[in-house]
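The values are calculated or read from the model by the stated rules, or taken from the named source; none is laboratory data. What you see is a predicted model; the values in this text were computed from it and never measured. Using ideal geometry, Cβ is built from the backbone for each residue, glycine included, and neighbour counts are taken over all protein chains shown.
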C-alpha cells in the first residue's frame with residue numbers, strides 16, 4: 001500500500017513505524033515476541049534474538065537454504081506454541097538440511113540418509129573450517145556432532161513411555177538457540193570459503 005492509499009483509508013502511521021511500535025509494546029509489556037522478517041517470533045532474550053536469531057533468519061533467506069529455513073521456522077512455530085518435542089525434532093531437521101544444502105552446493109557427495117555427525121565430518125574434511133584451529137576446536141566439532149542430536153534423541157525423536165516427563169520449554173529454547181548459533185557459524189563459514 002503506497003502512502004496515498006494508506007492515507008485515503010485513514011491510516012496515518014507508516015508500516016515500518018507500526019512494526020516498531022508493535023515491537024516496543026511487546027517489549028514494554030513483557031510479551032516475549034517480536035515482529036521480524038515478516039514473522040512473529042518468540043524473543044525470550046533480546047540479545048540472543050538480535051545477535052543470533054535475526055542473523056540466522058537473514059542467512060536462511062538464501063535460495064539454497066530454503067528447506068533449512070522452512071524447518072527452522074517450523075521449529076520456531078512449535079516453540080511458540082509450546083510443542084517442545086516437535087520443536088527439537090524440527091531443529092535437528094533444519095540443521096541437517098543446512099548441511100546437506102552446503103554439501104550439494106559444493107558437490108560434496110554424501111548419503112541421503114546421512115545424519116549430522118557424518119555431515120559435520122564431511123564438511124570439516126572438505127575445509128569448511130580453517131586448518132589453523134587447534135584441538136579446542138575439535139571439542140566444538142564434537143559438540144556440533146552430539147549437542148543438538150543428543151537433545152533430539154533424548155527429548156524429542158523417539159517414542160516415549162506413557163509416564164515420561166514432558167520436555168521443559170527451556171530445553172526446547174536451548175535447542176532452538178543452539179540450532180540458530182550452529183546454523184549461523186556453518187553458513188558464515190560456508191560463505192567464506194572459495195569454490
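Among (1) surrounded by 17 or more Cβ atoms within 10 Å (Cβ to Cβ); (2) touching a residue at least 24 places away in the same chain (Cβ under 8 Å); (3) in a helix (DSSP H, G or I), where does residue 48 come up short?
(1)
One line per residue, one yes/no per condition, for (1) in a loop (DSSP other than H, G, I, E, B); (2) at pLDDT 85 or above; (3) in contact with a strand residue (DSSP E or B) (Cβ under 9 Å, 6 or more places away or on another chain); (4) crowded, with 21+ Cβ neighbours inside 10 Å:
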| site | (1), (2), (3), (4) |
| --- | --- |
| 16 | no, yes, no, no |
| 24 | no, yes, no, no |
| 44 | yes, no, no, no |
| 99 | no, yes, no, yes |
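Out of all the residues in the stretch 101-115, which are without any contact (Cβ under 8 Å) to a residue 12 or more places away in the chain and assigned to a helix (DSSP H, G or I)?
Within the stretch 101-115, none qualify.
Among the residues of the stretch 155-164, is there at least one that is surrounded by 15 or more Cβ atoms within 10 Å (Cβ to Cβ) and either at pLDDT 85 or above or in a helix (DSSP H, G or I) (or both)?
Yes, the stretch 155-164 has at least one match.
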